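In what follows, a structure is listed as structure tokens, so that the remarks can point back to it.
The values are calculated or read from the model by the stated rules, or taken from the named source; none is laboratory data. Not measured: the values here are computed from a predicted model. Neighbour counts run over all protein chains shown; Cβ positions are idealised from the backbone, glycine included.
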Amino acid sequence: MQGVNVFENGIGYLTKCLGLYNSGTGYFVMYLFAVLFILIKGERREREIFLPGAAVLLLTVFNPVVPVILDRIFDVSSEYYRLFWIAPVVILVPYTATIIIYDRPKGSGRYVAGVLTVALLILGGNYVYAKGFDIAENIYKIPDELIAVSEMIHEDSQEEYSKAFFEYEYNMEIRQYDPKMLLTVDREDYLYAMNYSYTDEMLANEDRPVDRILALLVRNQNISEEDFTLALEKTDTEYVVLTAGHPQIPFIKRAGLYEIGRVGTHIVFKYDLDDPAVFELVDYSDVQHRFSYRRLK
């Protein structure tokens with residue numbers, strides 16, 4: 001999860017994830033109550049369905065020690081919270097709430113139980129419109145500014161495929177919008193940079209020039225101008241898109257990048273590569289056509 005990692009939070013990582021992803025531990029507490037309710041008052045079939053899964057979840061996904069152990073084997077910081085998606089919390093909590101409501105006799109008792117239950121569900125989660133209702137700027141549901149940046153780069157490049165560095169949010173969005181915009185940094189490398197600094201040994205690794213770019217533009221670590229421009233050359237990065245207030249703008253200008261345009265709060269910089277790469281992607285259309293033709297014959 002962006003900004004949260006097991007190394008820094010330890011056994012508190014789980015609570016931190018619940019706070020960011022579920023807006024606190026409200027639903028988790030309700031889930032524990034629902035499990036206890038089924039254990040005490042549930043029918044045999046209900047216990048058979050819900051309790052084994054609950055036991056597994058409490059011993060694994062919701063065990064604060066588990067992510068710490070797993071992190072010693074492989075990095076789980078950017079993926080662990082996805083386990084919440086498969087957890088049956090969203091099934092058992094409303095199921096138990098429905099039983100509690102309809103166990104009340106018809107009349108005011110049932111209405112009161114219903115109102116209290118709905119109130120708990122609302123207060124225990126994250127209000128969808130807590131930050132207001134944002135209407136999408138376009139059918140692609142990304143900022144118009146990003147579309148304009150993409151068009152500016154392609155117009156300047158004159159090549160079908162362009163390669164660029166974007167800051168995190170734009171990097172995640174542009175890959176879903178523009179298949180002809182090749183990215184310097186992939187998702188996993190970016191998630192690492194959002195959570196960890198780079199050691200001198202990592203920055204000296206000639207096989208990982210992208211680490212030097214991320215160290216400077218994400219972690220604000222000290223990188224020489226020569227090392228930075230060499231990393232741009234090795235990754236064939238011709239464009240760098242930064243917010244207007246980025247602290248490394250003076251540095252990249254000294255390193256030889258120059259501004260080709262501004263769109264809203266973002267500036268598009270260009271670096272003249274010594275040997276610009278011409279990217280070509282494999283065209284599988286002919287292969288697919290011949291395969292389909294053989295199938296038809």
Any hit, region 178-199, residues being out of contact with any helix residue (DSSP H, G or I) (no Cβ under 6 Å at 6 or more places or on another chain), free of Cβ contacts under 8 Å to residues at least 12 places away in the same chain and under 14 Å from Phe166 (Cβ atoms): yes
Some residue of region 121-138 being in a helix (DSSP H, G or I), in contact with a helix residue (DSSP H, G or I) (Cβ under 9 Å, 6 or more places away or on another chain) and over 30 Å from Met30 (Cβ atoms): no
Qualifying residue in region 234-243 (condition: in a helix (DSSP H, G or I) and assigned by TED's automatic domain parsing to the domain that holds Ala148): yes
Count - residues of region 139-163 that are of a type outside the set (S, T, N, Q) and assigned to a helix (DSSP H, G or I): 12
Checklist (1) surrounded by 13 or more Cβ atoms within 10 Å (Cβ to Cβ); (2) within 24 Å of Tyr95 (Cβ to Cβ); (3) not small (Gly, Ala, Ser) applied to Leu20, failing item: (2)
Which numbered condition Leu214 misses (of (1) at pLDDT 95 or above; (2) in contact with a Gly (Cβ under 9 Å, 6 or more places away or on another chain)): (2)
Members of region 185-231 that are in a loop (DSSP other than H, G, I, E, B), closer than 17 Å to Ile249 by Cβ and of a type in the set (Val, Ile, Thr): Val218, Ile223
Qualifying positions in region 164-184 - assigned to a loop (DSSP other than H, G, I, E, B) and at pLDDT 95 or above: Glu167, Thr184
When residues of region 206-261 are limited to those that are surrounded by 21 or more Cβ atoms within 10 Å (Cβ to Cβ) and of a type in the set (Gly, Ala, Ser), the one farthest from Glu280 (Cα to Cα): Ala215
Qualifying residue in region 233-250 (condition: out of contact with any strand residue (DSSP E or B) (no Cβ under 6 Å at 6 or more places or on another chain), farther than 18 Å from Val185 by Cβ and at pLDDT below 95): yes
Tabulated pairs, region 26-50, first assigned by TED's automatic domain parsing to the domain that holds Ala119 and without any contact (Cβ under 8 Å) to a residue 60 or more places away in the chain, second among the aromatic types (Phe, Trp, Tyr) and assigned to a helix (DSSP H, G or I), C-beta under 6 angstrom, 6+ apart or interchain: Ile38/Phe50
Those residues of region 262-275 which are free of Cβ contacts under 8 Å to residues at least 60 places away in the same chain and either assigned to a strand (DSSP E or B) or surrounded by 13 or more Cβ atoms within 10 Å (Cβ to Cβ) (or both), in sequence order: Arg262, Ile267, Phe269, Tyr271, Leu273
